[in-house]
1. Taking only pairs six or more apart or across chains, which ones have beta-carbon atoms under 6 Å, a first residue in region 90-108 that is touching a residue at least 12 places away in the same chain (Cβ under 8 Å) and over 17 Å from residue 66 (Cβ atoms), and a second residue that is in a helix (DSSP H, G or I) and among the aromatic types (Phe, Trp, Tyr)?
2. Restricted to region 99-109, and to residues that are under 16 Å from the mean Cα position of the chain (by Cα) and within 21 Å of residue 130 (Cα to Cα), which residue is surrounded by the fewest Cβ atoms within 10 Å (Cβ to Cβ)?
3. Quick one: which residue in 39, 34 is under 25 Å from residue 95 (Cβ atoms), in a helix (DSSP H, G or I) and not charged (D, E, K, R)?
4. Condition test on residue 101, is it of a type outside the set (A, V, I, L, M, F, W, C) and either outside any helix (DSSP H, G or I) or under 24 Å from residue 24 (Cα atoms) (or both)?
5. For a quick check of your reading of the model, give me the residue pairs whose first member lies in region 76-87 and is outside any helix (DSSP H, G or I), whose second is not aliphatic (A, V, I, L, M), with beta-carbon atoms closer than 8 Å and at least 6 apart or on different chains.
6. May I ask you to list the residues in region 117-159 that are among the charged types (D, E, K, R), under 15 Å from the mean Cα position of the chain (by Cα) and under 18 Å from residue 104 (Cα atoms)?
7. Mind checking which pairs have a first residue in region 116-144 that is among the aromatic types (Phe, Trp, Tyr) and a second that is surrounded by 11 or more Cβ atoms within 10 Å (Cβ to Cβ) and outside any helix (DSSP H, G or I), Cβ under 6 Å, 6 or more apart or different chains?
8. Which residues, counting only those in region 55-74, are surrounded by fewer than 17 Cβ atoms within 10 Å (Cβ to Cβ) and either acidic (Asp, Glu) or modelled with pLDDT under 95 (or both)?
Amino acid sequence: MPVKLPEQINAATTPLFEHLPIALAMSQLVVAESGSAASVKLVEHVTRIPSLHDPLAAGLWLYVDELDRSHRISQGIDDATGAFWHGIMHRREGDFSNSHYWFNRVGAHPAMSAIDGYDAHAFIDDVEAATSRKANADELIDLQQREWTALFQWCAHHP
């Protein structure tokens, strides 16, 4: 599932995506530990680029399981895109009711139509059920990666 990005963003993020391919990223439904020091360093470098806007930064921090850093950014983005990143972050921290709240604020974001079989609220419920069973279902991780890819691509093309 390649990420299609504008050239400047692609050039900036290529080292991160080579170090941590999407197929290996976000492999935890509920984050138990944050990303590796190498991944964090790569995101710190990318987020210093002036043309990288906040929605992309929020997404990159989620990509490497740095929920607090993503949260600080997403809560300052006062639109449906910020609410989308915010809702993902709360789902990934295991705060499912708060995730539902933020997805209610999202409504029907244009990026959602790029995700086959996606229903944000059903996804939250499925993750909560998998978490209570202590299962890390592969199909849910795949959906999480597709969700991230769709929203990140949308943000890259709609600054």
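1. Sorted first by the residue in region 90-108, then by its partner, the pairs are 106/84.
2. Restricting attention to region 99-109, the residues satisfying the condition of being under 16 Å from the mean Cα position of the chain (by Cα) are 99-100, 102-103, 106, 109.
Adding the requirement that they be within 21 Å of residue 130 (Cα to Cα) leaves 99-100, 102-103.
Numbers: 99: 25, 100: 18, 102: 23, 103: 23.
Ranking the candidates gives 100 first.
3. Working: 34 fails: in a helix (DSSP H, G or I).
The match here is 39.
4. On the way: of a type outside the set (A, V, I, L, M, F, W, C): yes; either outside any helix (DSSP H, G or I) or under 24 Å from residue 24 (Cα atoms) (or both): no.
Here the answer is no, as residue 101 does not meet what is asked.
5. Matching pairs, first to second residue: 76/54; 76/82; 77/54; 77/55; 77/85; 77/86.
6. Taking region 117-159 first, the residues among the charged types (D, E, K, R) are 119, 125-126, 128, 133-134, 138-139, 142, 146-147.
Retained after the next criterion (residues that are under 15 Å from the mean Cα position of the chain (by Cα)): 142, 146-147.
147, the sole residue that qualifies.
7. Nothing qualifies.
8. Within region 55-74, just 68 meets the criteria.
The values are calculated or read from the model by the stated rules, or taken from the named source; none is laboratory data. What you see is a predicted model, and the numbers here were worked out from it, not measured in a lab. With ideal geometry, Cβ positions are generated from the backbone for all residues, glycine too; neighbour counts draw on all protein chains shown.
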